[in-house]
1. Got a sec? Which helices (runs of 4 or more DSSP H) wholly within segment 42-149 have at least 1 residues that are polar (S, T, N, Q)?
2. Residue check, Val29 against (1) farther than 23 Å from Glu185 by Cα; (2) open to solvent by 70 Å² or more (accessible area, probe 1.4 Å), all met but one. Which one?
3. Within the group Arg69, Arg17, Arg43, Arg27, which residue is more than 28 Å from Ile162 (Cα to Cα), of a type in the set (Lys, Arg) and in contact with an Asp or Glu (Cβ under 8 Å, 6 or more places away or on another chain)?
4. Check Phe65, Phe72 and return the single one that is open to solvent by 10 Å² or more (accessible area, probe 1.4 Å), over 20 Å from Arg97 (Cα atoms) and among the aromatic types (Phe, Trp, Tyr).
5. Does any residue in segment 153-177 that is without any contact (Cβ under 8 Å) to a residue 40 or more places away in the chain and outside any loop (DSSP other than H, G, I, E, B) come within less than 8 Å, Cβ to Cβ, of a residue that is among the β-branched types (Val, Ile, Thr) and open to solvent by less than 30 Å² (accessible area, probe 1.4 Å) six or more places away or on a different chain, and which pairs are these?
6. Where the second residue is among the acidic types (Asp, Glu) and the first is under 17 Å from Pro35 (Cβ atoms) and lies in segment 93-115, which pairs have Cβ atoms under 7 Å and are six or more apart or on separate chains?
7. When segment 174-191 is examined, which residues are found to be surrounded by 18 or more Cβ atoms within 10 Å (Cβ to Cβ) and closer than 15 Å to Asp78 by Cα?
Amino acid sequence: MNHLAHVFLAPDSPEARVGSILGDFSRGVDLSALPDAVRQGVRHHRAVDSFTDQHPDVLASKRVFSRQRRRFAGVALDILYDHFLLKHWSQFSDIEREPFIHRIYQELQQHEHLMPAPMARVTRRMVWHDWFGAYRDLQSVGYALDRVAGRIRFPNNFAGIIIEIRGNETELEQHFLSFFPNLQEFAGDIE
């Protein structure tokens, strides 16, 4: 799952939501020096990723991609699933989408002191460029995926993966709609 889904599913505290993103930036970080709620968010992040990686609908979604791009399907699905979460927000939450996103951006800014420098740089860009808002648009998802492809340090076929997403959008969306309620239930039971 990508950043929006992680903060959406995280335990309900700003520190835990910071930890839910920190899960992607925790290499080399002394987690024991962080508040309990941040560590809880990191543990939550890891459990959500583990559940996601094994879910039949996620595995089926990965098989939708061509052999040349399947290696990167997980990365593409992370961002695409944030798009689908935004699109179907009211199906999964009673909280209004835009106020939630605005609150998350405020929390990230207010709790930057809990973040390692690489995470702080990314979350600043996330807020300044409204990544979550941009993911509402499939074209912006394609742009984000191409930027990820450009950062890969070896020859790859990841760029342009949005073409395969568009060609299989209905099937991918159905897999998401089947998977996400299971993930939401699982995430709510994580201690």
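1. The qualifying helices (runs of 4 or more DSSP H) are 56-63, 67-70, 89-92, 97-110, 117-128.
2. (2)
3. Selected residue: Arg17, the only one of Arg69, Arg17, Arg43, Arg27 that is more than 28 Å from Ile162 (Cα to Cα), of a type in the set (Lys, Arg) and in contact with an Asp or Glu (Cβ under 8 Å, 6 or more places away or on another chain).
4. Phe72
5. Ile162/Val141
6. If the second residue must be among the acidic types (Asp, Glu), the pairs left are His111/Glu15; Leu114/Glu15.
7. His175, Phe176, Phe179, Phe180, Leu183
Listed here are the residues, each with its yes/no results for (1) out of contact with any Pro (no Cβ under 9 Å at 6 or more places or on another chain); (2) over 22 Å from Ile21 (Cβ atoms); (3) modelled with pLDDT of 95 or more; (4) surrounded by 14 or more Cβ atoms within 10 Å (Cβ to Cβ).
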{"position": "Asp82", "(1), (2), (3), (4)": "yes, no, yes, yes"}
{"position": "Leu85", "(1), (2), (3), (4)": "yes, no, yes, yes"}
{"position": "Pro155", "(1), (2), (3), (4)": "yes, yes, no, no"}
{"position": "Thr170", "(1), (2), (3), (4)": "yes, yes, yes, no"}
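The values are calculated or read from the model by the stated rules, or taken from the named source; none is laboratory data. Everything quoted here is computed from the prediction, not taken from an experiment. Cβ atoms come from the backbone with ideal geometry, glycine included; neighbour counts cover every protein chain shown. To get the accessible areas, we keep the full protein, side chains included, count just its heavy atoms, and leave off ligands, DNA and RNA. Shrake-Rupley method; radii C 1.70, N 1.55, O 1.52, S 1.80 Å.
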